[in-house]
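Worksheet: one structure, shown below.
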Amino acid sequence: MARGQQKIQSQQKNAKKQAGQKKKQGHDQKAAAKAALIYTCTVCRTRMPDPKTFKQHFESKHPKTPLPPELADVQA
Ligand SMILES: [Zn+2]
């Protein structure tokens, strides 16, 4: 009896652990997606995942605005 109970407890513990991992993974993906959009256009506030996209966006949307210094070295 005691042994069977222990097994059930162990299974419940494992299920809880797996659910926790699943939850954490989902959270990480969300955080990663958010972290991926780290370049915000200084003119129109559009967010972009990488400097290349940012530079291409800047050159096509705001050609009259001087390029931000952090984009000067970016090879688009
Ligand atoms: Zn823009």
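The values are calculated or read from the model by the stated rules, or taken from the named source; none is laboratory data. Just so you know, these numbers come straight off a predicted model, no measurement behind them. Every residue, glycine as well, gets a Cβ built from its backbone with ideal geometry; the counts of neighbours run over all protein chains shown.
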Checklist outcome for this item: Within the range 43-76, residues being in contact with a strand residue (DSSP E or B) (Cβ under 9 Å, 6 or more places away or on another chain), of a type outside the set (Asp, Glu) and not in a helix (DSSP H, G or I) number 4
Next on the checklist: I'd like the full set of residues that are farther than 19 Å from GLN75 by Cβ and either of a type in the set (A, V, I, L, M) or more than 7 Å from the ligand (Cβ to nearest atom) (or both), limited to the range 38-62.
Outcome noted: THR40, THR42, VAL43, ARG45, ARG47
Item to check | Every pair of residues 6+ apart whose Cβ atoms lie under 6 Å, when the first sits in the range 59-76 and is of a type in the set (S, T, N, Q) while the second is exposed (fewer than 14 other Cβ atoms within 10 Å of the Cβ) | outcome: THR65/VAL43
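Residue-by-condition table, conditions (1) at pLDDT 90 or above; (2) surrounded by 12 or more Cβ atoms within 10 Å (Cβ to Cβ):
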position: TYR39; (1), (2): no, yes
position: THR42; (1), (2): yes, yes
position: THR53; (1), (2): yes, yes
position: LYS64; (1), (2): yes, no
position: PRO68; (1), (2): no, yes
Checklist outcome for this item: For the range 18-37, the count of residues that are within 15 Å of the ligand (Cβ to nearest atom) and modelled with pLDDT under 70 equals 0
